[in-house]
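Student: Structure incoming, see below.
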Amino acid sequence: MPSHNLQSSAQVKLVLRHPPQLRADAAWALMQILELGLSSREVMPMIFERHHKAQDRAWLQETVFGVLRVLPTLQSWLRHLLKSPLKKQQKIIEHVIMIGLFQQAFMRTSSHAAVSETVNASKILKQPQLSGLVNAVLRNFDREKLVEQTSSEPHVIANLPKWLYKQLVIAYPEQLTSICDAMQNKPPLWLRVNPFVISLLDYSEVLTEQQIAHQTYPPFAVKLERYADVTGLPLFDEGGFSVQDLAAQHAAGLLNLQANDIVLDACAAPGGKTAAIIEACPDLEAIFAMDSAEQRNARTYENLARLGHSQRLGDKLQIINADASNPLSFKTLPQFDKILLDAPCSATGVIRRHPDIKWHRKAKDIEVLTQLQSQILESTWGALKPGGLLLYATCSILPQENTEQILRFLAAHPEAKLIPIEHGDKDYLQGWQILPGEQNMDGFFYARLLKST
């Protein structure tokens, strides 16, 4: 389970005070994400609500996420073009300008249209006195042909924070270019078909009938060739599928589930992997989905109910509001045959899917996260039966959270044995690190730990 923001923003009340307008709304969203530290998951639904046309929502998603993906490049141009940074209420105009720069450089929007619409957005945002500045900056960008100039700073070229770029240079010197490129690309949309509702083959036929281009990957995965409104896809309301990247879909298979197992999904919200476990092995004795936040647990309830799993399992499914890092959380629970620990992490493996992570995560956060992961690993290990299997997972690509975390745990626990993971023609002896873009997957890490009897 990624930890996108270490500080909760639940207390922040968001208010849009300007009339609906695409560029103004996109600039407002960027302001909340980059200046106030809110996540795109909190902000984007608010601006989507103001625009009912599918193409407008697609434009907003493309623009906001696009700016976040290439932010260092845009900021380097902005520093060159502005004599001094804008402050306070005027700060939002910097985001308006970056949208104009992004349109000109990356969206193939004509210079005239980009300038005109961006100037209009500054007026909509009640900063008409800066419309001349916006006009001049964007015209100078075109006149000076800055788009043809390359930065001398490697992290700017890679469009990554400097601290993260440095860590990737150390951890992945040979794969650095491919990782940085993958982080820039838009990810595919992966679905996991719910076999209780429809088979993978039959769902493929339904998609083909509706002329939705796709590829299938047994046993349950579908990759759409183009982005789509998920709620408008066939059988969404009937619980026919979940949205889940292929990397995350491997979790259920790696648990080696057996009939009558008692399973824990620690840090379970929003329930995607809980659902996958149920679908992979419907004859479980019981499955417990644990998370520490009631709001996230509400999402788990909703998702499992839509898929029909709450009704199918009845009392065999328990959703628990508890802190997996606290051993007392397991005092009244049974010992488990299998535990999935999808640990809170830096989410550096899913940056292509959530580009705001790059700008929310700081170098100092990694030590905090590794300590939390260690605490949860210790706590859940105590709840595992002798002979049981714990699958440790993160959507990170940083060794501190993955291989190094597991090696530290093994050094402290002689009763723990690392089980190799076989995938394709390879055996991963110290855990399976999937890198962003590898087989079109997000970055992910898995390690299987067996508890001796």
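The values are calculated or read from the model by the stated rules, or taken from the named source; none is laboratory data. Just so you know, these numbers come straight off a predicted model, no measurement behind them. Here the Cβ is made from the backbone with ideal geometry for all residues, glycine too, and neighbour counts use every protein chain on show.
Student: Can you give me the number of residues within region 355-411 that are part of a helix (DSSP H, G or I) and not hydrophobic (A, V, I, L, M, F, W, C)?
Tutor: Here the count works out to 21.
Student: May I pose another question? Can you name the number of the only condition in (1) in a loop (DSSP other than H, G, I, E, B); (2) over 30 Å from Asp283 (Cβ atoms) that Lys166 fails?
Tutor: (1)
Student: Can you name the residue in region 439-453 that is in a loop (DSSP other than H, G, I, E, B) and surrounded by fewer than 17 Cβ atoms within 10 Å (Cβ to Cβ) and, of all such residues, is modelled with the lowest pLDDT?
Tutor: The residue in question is Thr453.
Student: If only one of Ala213, Ala248 is surrounded by fewer than 20 Cβ atoms within 10 Å (Cβ to Cβ) and at pLDDT 95 or above, which one is it?
Tutor: It is Ala213.
Student: Being of a type outside the set (A, V, I, L, M) and either closer than 19 Å to Val67 by Cβ or touching an Asp or Glu at 6+ places or on another chain (Cβ under 6 Å) (or both) is true for just one of Glu117, Glu144, Glu148. Which residue is that?
Tutor: Every option except Glu117 fails the conditions.
Student: For region 400-438, which residues satisfy the criterion of being modelled with pLDDT of 95 or more and closer than 17 Å to Leu246 by Cβ?
Tutor: Within region 400-438, Ile421, Trp432, Gln433, Ile434, Leu435, Pro436, Gly437, Glu438 qualify.
Student: Further question on the same structure: Considering region 250-271 alone, what residues qualify as being within 14 Å of the chain's Cα centre (by Cα) and touching a residue at least 40 places away in the same chain (Cβ under 8 Å)?
Tutor: Ala269
Student: Test Ala383 against the stated conditions and say whether it is over 21 Å from Glu42 (Cβ atoms), buried (at least 24 other Cβ atoms within 10 Å of the Cβ) and among the aliphatic types (A, V, I, L, M).
Tutor: Considered against the rule, which asks whether it is over 21 Å from Glu42 (Cβ atoms), buried (at least 24 other Cβ atoms within 10 Å of the Cβ) and among the aliphatic types (A, V, I, L, M), Ala383 comes out as no.
Student: Of the conditions (1) crowded, with 18+ Cβ neighbours inside 10 Å; (2) modelled with pLDDT of 90 or more; (3) more than 16 Å from Asp25 (Cβ to Cβ); (4) not aromatic (Phe, Trp, Tyr), Ala114 satisfies every one except a single condition; which number is it?
Tutor: Of everything listed in (1) crowded, with 18+ Cβ neighbours inside 10 Å; (2) modelled with pLDDT of 90 or more; (3) more than 16 Å from Asp25 (Cβ to Cβ); (4) not aromatic (Phe, Trp, Tyr), Ala114 misses just condition (2).
Student: Related question: Collect the residues in region 30-45 that are part of a helix (DSSP H, G or I) and either outside the structural domain of Ala114 (by TED's automatic domain parsing) or surrounded by 16 or more Cβ atoms within 10 Å (Cβ to Cβ) (or both), keeping them in residue-number order.
Tutor: If the condition is that a residue be part of a helix (DSSP H, G or I) and either outside the structural domain of Ala114 (by TED's automatic domain parsing) or surrounded by 16 or more Cβ atoms within 10 Å (Cβ to Cβ) (or both), then Leu30, Met31, Gln32, Ile33, Leu34, Ser40, Glu42, Val43, Met44 are the ones that fit.
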